[in-house]
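*Asks:* My questions will all concern the structure given below.
The values are calculated or read from the model by the stated rules, or taken from the named source; none is laboratory data. Just so it is clear, the model here is predicted, and its values are computed rather than measured. In this analysis, Cβ positions are derived from the backbone assuming ideal geometry, glycine residues included, and neighbour counts consider all displayed protein chains.
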Amino acid sequence: MPDPTRQDEPVDARFRAFPDLGLTLGEVPEAGWTVADLLLPVVTLRESAVAHNIARMAAWCAERGVSLAPHGKTTMAPQLFERQLAAGAWAITAATIGQARLMRAFGVPRVLLANQVVDAPGLRWLAAELRRDPGFTFLCLVDSVEGVELMEAVLAEADAARPVDVLVELGVPGRRTGVRDPADLVALAERVAASRWLALAGVEGYEGVLPPSRAAAAVRRVDDFLARLVAAVQVLDGKGLFRDRTELVVTAGGSAFFDRVVAATSRLAGTSVPVRAVLRSGGYVTHDHLSYERSSPLRAEAAGPGERLRPALELWARVLSTPETGLAVAGFGKRDAPYDLDLPVPLARRAAGAVAAEPLVGAAEVVELNDQHAFLHHDGRLRVGDLLTFGLSHPCTAFDKWSLLPVLDDEDRVVDAVRTYF
C-alpha cells in the first residue's frame, strides 16, 4: 500500500491547529508537542482508544465468522484504512466514486461502494481502473433496471475489460435507496444475471436508515427488515442466480445494529455457494461519547470494560468569556465540532496554567453553537482561560471538519497526526 501519511508533506498554516515550524508530517511524532502547544480549538484522536477499537471490532467479527468492510467515509483517513486492513478488514466501503478513487490512490485493494453508480464520468473511471489493475476488486449497488441500463451503456462505450460486480439492494419503505418489493428484487437480479457488463455478486441492505434505538420495538423493526433481506437471498439462490460464483456476498450493518445483522445472516445455511456476510460499520474506529454509545452493541451498558468500544475523539477549547452568571462562552463552534445528532458534552476542565483536570460531567452543558462560539450553562466554576475537553457525537461529521488531527497518548502528548481527505 502506498505511504498513507505522505511523510514529506509540510505541516503549515493549512492545518489550523498545528504549530507552523517548518516540520513535515513524518516529523510530528518526534516534535515533543503536547496539547498545550496546539492552536485551539482542536479535535484530537486518543491513540489507545483507536488501537483498542480496531482490535476489538476485528476480534468480534472473527469470533462470529463475518467479514468487515469498514465504511471509509467516516474518516477518509488512509492511515486508518491501512490499520483496519492490517487488522483483517476484507474491504473498505465507499459512498461515492470520488471516495473510491481516493482509496485506490492509497492502494486499497478491494472497495465496496455502498451506493448506486449512474454518472458517466464515474463509470468511465471505474472501467479504466478495472482495466489498469486486474487485481482490483470492486462492488457497487443497483436498485433499478434504469440504473442497470445506464451502467451498461457507459461500460459498453468504454469497452470494460471485465464485468462490474454488483449487489442488488433491498430497501426500507419511505427511506433511502433500494428495491421495495421483493418480487421486483428478483426481476432486477435476473436482469443483472443476463447482463454482459455486470455480474450478480450478492444482496445488500442497510438497516441504519431505521431509528438507532435499542428499544424493543425499534429492534423488532430492524429484525423484520433483516428477515426480509435473508428471505430475498434465499429466493435468489433458489433460482440458481449465484451458481457461477465462488461465494455469495450479503452485506448490511452500520454502527448501531451489527449484532442483529450477524444474527440474521447466521440463518443463511445450505445455500448453493458459501455466504460471505459483510458488515460495513465505520463509526467503531473512534466510537463516540453519545450517539453510538447509546446504540452500539459494544457500548458500555452492553459490554464489559475490556469488551466495550472506547470514545477516541475529543475537542479542546478555552473559555473566552463569562458574561453572565452561569453562562460561559467557549472558543469553538459549528465549524469545529459535529452538531447534527447531539451537541458536544463537557468532560473536564483545567484552570488556566493548571495540569490536573477536574471532571465537568453534570456541572456544565453546551446549550447552543454559533459558527465559532459555544454557549455553556454551568454551576459557577468556569473561568476565562479555562481549558475544556469535550466529548463528541457522530464521528462522520467530526472528521470532515479537520484535515489533520493530532493523535494523543494517555498523557496528552502528540505522538502522531492523521491526515484526512474530504
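*Asks:* Going by the structure shown, is F136 at pLDDT 95 or above and touching a Pro at 6+ places or on another chain (Cβ under 6 Å)?
*Replies:* no
*Asks:* Scan segment 288-306 and report the pairs whose first residue is outside the structural domain of V261 (by TED's automatic domain parsing) and whose second residue is assigned to a helix (DSSP H, G or I), with Cβ atoms within less than 6 Å and a gap of 6+ or a chain change.
*Replies:* Close Cβ pairs satisfying both conditions: Y292/G283; P297/D259; R299/E293.
*Asks:* Which residues, counting only those in segment 307-317, are among the acidic types (D, E) and either free of Cβ contacts under 8 Å to residues at least 24 places away in the same chain or touching a helix residue (DSSP H, G or I) at 6+ places or on another chain (Cβ under 8 Å) (or both)? Please lay out each step first, then the result.
*Replies:* At the first step, the residues of segment 307-317 found to be among the acidic types (D, E) are 307, 314.
Correct list: E307 only.
*Asks:* Write out, first by first residue and then by second, each pair whose Cβ atoms fall under 8 Å of each other, whose residues are 6+ apart or on separate chains, and whose first residue, in segment 318-332, is touching a residue at least 24 places away in the same chain (Cβ under 8 Å) and buried (at least 17 other Cβ atoms within 10 Å of the Cβ) while the second is assigned to a strand (DSSP E or B) and polar (S, T, N, Q).
*Replies:* Here the result reads A328/S321; A328/T322; V329/S321; V329/T322, each pair linking segment 318-332 to a residue that is assigned to a strand (DSSP E or B) and polar (S, T, N, Q).
*Asks:* Same structure again: Any residue in segment 22-47 that is under 22 Å from R318 (Cβ atoms) sitting within a Cβ distance under 8 Å of a residue that is assigned to a helix (DSSP H, G or I) and among the hydrophobic types (A, V, I, L, M, F, W, C)? List the pairs, counting only those 6 or more apart or interchain.
*Replies:* Going by the 8 Å Cβ cut-off, the qualifying pairs are V42/V35; V43/A398; T44/V35.
*Asks:* Would you be able to say whether some residue in segment 377-388 is aliphatic (A, V, I, L, M), more than 30 Å from G26 (Cα to Cα) and free of Cβ contacts under 8 Å to residues at least 24 places away in the same chain?
*Replies:* No, segment 377-388 has no match at all.
*Asks:* Name every residue in segment 75-107 that is part of a loop (DSSP other than H, G, I, E, B), of a type in the set (A, V, I, L, M) and under 11 Å from the mean Cα position of the chain (by Cα), in order of residue number.
*Replies:* Scanning segment 75-107 gives M76, A77, A95.
*Asks:* With the requirement that a residue be assigned to a strand (DSSP E or B) and either aliphatic (A, V, I, L, M) or surrounded by fewer than 20 Cβ atoms within 10 Å (Cβ to Cβ) (or both), what does segment 239-253 give you? Please lay out each step first, then the result.
*Replies:* Quick first cut of segment 239-253, residues assigned to a strand (DSSP E or B) only: 248-252.
Hits for segment 239-253 are L248, V249, V250, A252.
*Asks:* Out of A91, A160, A128, A87, which single residue is closer than 29 Å to G26 by Cα and without any contact (Cβ under 8 Å) to a residue 40 or more places away in the chain? Break it down stepwise before answering.
*Replies:* Details: A91 fails: without any contact (Cβ under 8 Å) to a residue 40 or more places away in the chain; A160 fails: closer than 29 Å to G26 by Cα; A128 fails: closer than 29 Å to G26 by Cα.
A87 is the lone residue from the list that is closer than 29 Å to G26 by Cα and without any contact (Cβ under 8 Å) to a residue 40 or more places away in the chain.
*Asks:* Since S266 meets every condition but one in (1) of a type in the set (S, T, N, Q); (2) surrounded by fewer than 24 Cβ atoms within 10 Å (Cβ to Cβ); (3) under 24 Å from E146 (Cβ atoms), which condition does it not meet?
*Replies:* So S266 meets the others, but not (3).
*Asks:* Related question: State which residue is nearest to K334 (Cα to Cα) when the search covers only segment 384-422 and only residues that are small (G, A, S) and under 22 Å from the mean Cα position of the chain (by Cα).
*Replies:* Step by step, filter segment 384-422, then rank; the result is A398.
*Asks:* I'd like the full set of residues that are part of a helix (DSSP H, G or I) and closer than 17 Å to A58 by Cα, limited to segment 264-284. Can you show your working first?
*Replies:* As a first pass, look at segment 264-284 and keep what is part of a helix (DSSP H, G or I): 264-265, 283-284.
Listed by number, the residues that qualify are G283, Y284.
*Asks:* I've got another one for you. Quick one: what pairs do we get from segment 58-80, first residue of a type in the set (S, T, N, Q), second not in a helix (DSSP H, G or I), C-beta under 6 Å, 6+ apart or different chains?
*Replies:* S67/W90; S67/R276; S67/V278; T74/G282; T74/P395; Q79/P4; Q79/T5; Q79/V418
*Asks:* Sticking with this structure for a sec: Just one of V172, V203, V154 is crowded, with 19+ Cβ neighbours inside 10 Å, in contact with an Asp or Glu (Cβ under 9 Å, 6 or more places away or on another chain) and assigned to a loop (DSSP other than H, G, I, E, B); which is it?
*Replies:* V172
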